[in-house]
Amino acid sequence: MNDRWFLFMRHGETDYNRRKVRCGGDVDIPLTEAGERQAHDTARLLAEGSDRIDAIIASPLIRTRRTAEIVLSVLGDVPFHLHDGLIERRLGAWNGMGIPETQPLIDAKETPPGGEGEAEFRERIRRTLEDIAGHGHRLPLLVGSKGVGRMLGLILGDERPPMGNAAVLRFRLPLKIA
């Protein structure tokens, strides 16, 4: 049986990214001009690469949807879908707080007040990945936020270094998603 793969792309820069503060799935903000350029640059690299993306599936948040739309405009005729399951972890009271002050809380797997717990987020991403895998795409591009990329790595046993804006990771899709 052939291995199946998918690509994951983090959205381009937002104002919160630039200010190095948390921005969960319960905050919906646009890309900056730099973020738009980052998405265009990555889209051109994807178009020039040997991988043939056969679907783009994005979170409906403005920052991820816009990133996906930019990739779509460069790749051309590729099916495009939004999937609520790819929304970033809801961070409640941690939204807008500095990354250095919240990272220890995330590392300790604490639940943000008014937000989504780590186990709940993991299960949502696992179910989403299972759903997407069931559609039989040869090489889908998933577009989401950094936390979604982190969780995909944890679920698939393929931990990665932190992702910059508009970065792309390649993951092998197992036969069974844990």
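The values are calculated or read from the model by the stated rules, or taken from the named source; none is laboratory data. Worth saying up front: this structure is predicted, and the values here are computed from it rather than measured. Cβ coordinates were reconstructed from backbone atoms using ideal geometry, including for glycine residues, and neighbour counts include every protein chain displayed. Each accessible area value is taken on the protein alone, full model and side chains, heavy atoms only, with ligands, DNA and RNA left out. Shrake-Rupley method; radii C 1.70, N 1.55, O 1.52, S 1.80 Å.
How about region 80-151: which trypsin sites (Lys or Arg not before Pro) there lie in a loop by DSSP and see at most 13 other Cβ atoms within 10 Å?
Sparse-neighbourhood loop trypsin sites (Lys or Arg not before Pro): LYS109, ARG138.
State the antiparallel share, in %, of DSSP beta bridges confined to the chain, rounding to the nearest 5.
40
Just need the relative contact order of the chain here, percent rounded to a whole number, with Cα pairs under 8 Å and 6+ apart. Each step should come with its number before you reach the end.
Working: 336 pairs, mean separation 65.9, N = 178.
Rounded, it is 37 percent for the chain.
Per residue, how big is the convex hull around the C-alpha atoms of the chain? Give it to me in cubic angstrom, could you?
Working: hull volume 18.6 nm³, N = 178.
Convex hull of Cα atoms, per residue: 104 Å³.
On the accessible surface of region 49-115, probed at 1.4 Å, how many percent belong to carbon and sulfur atoms?
Summing carbon and sulfur atoms, their accessible area is 54 percent of the total for region 49-115.
Dipole magnitude of the chain about its Cα centre, charges +1 at Lys/Arg Cβ and -1 at Asp/Glu Cβ only, in debye to the nearest 20?
That gives the chain a dipole magnitude of about 240 debye.
With springs only between Cα atoms under 10 Å apart, run a GNM on the chain and tell me which of ASP26, ASP51, ASP15 wobbles the most.
Sorting by GNM fluctuation, first place goes to ASP51.
Kindly report the accessible area of region 40-123 per residue (heavy atoms of protein chains, probe 1.4 Å, no ligands, DNA or RNA), in Å².
Roughly 49 Å² per residue, with all protein chains present.
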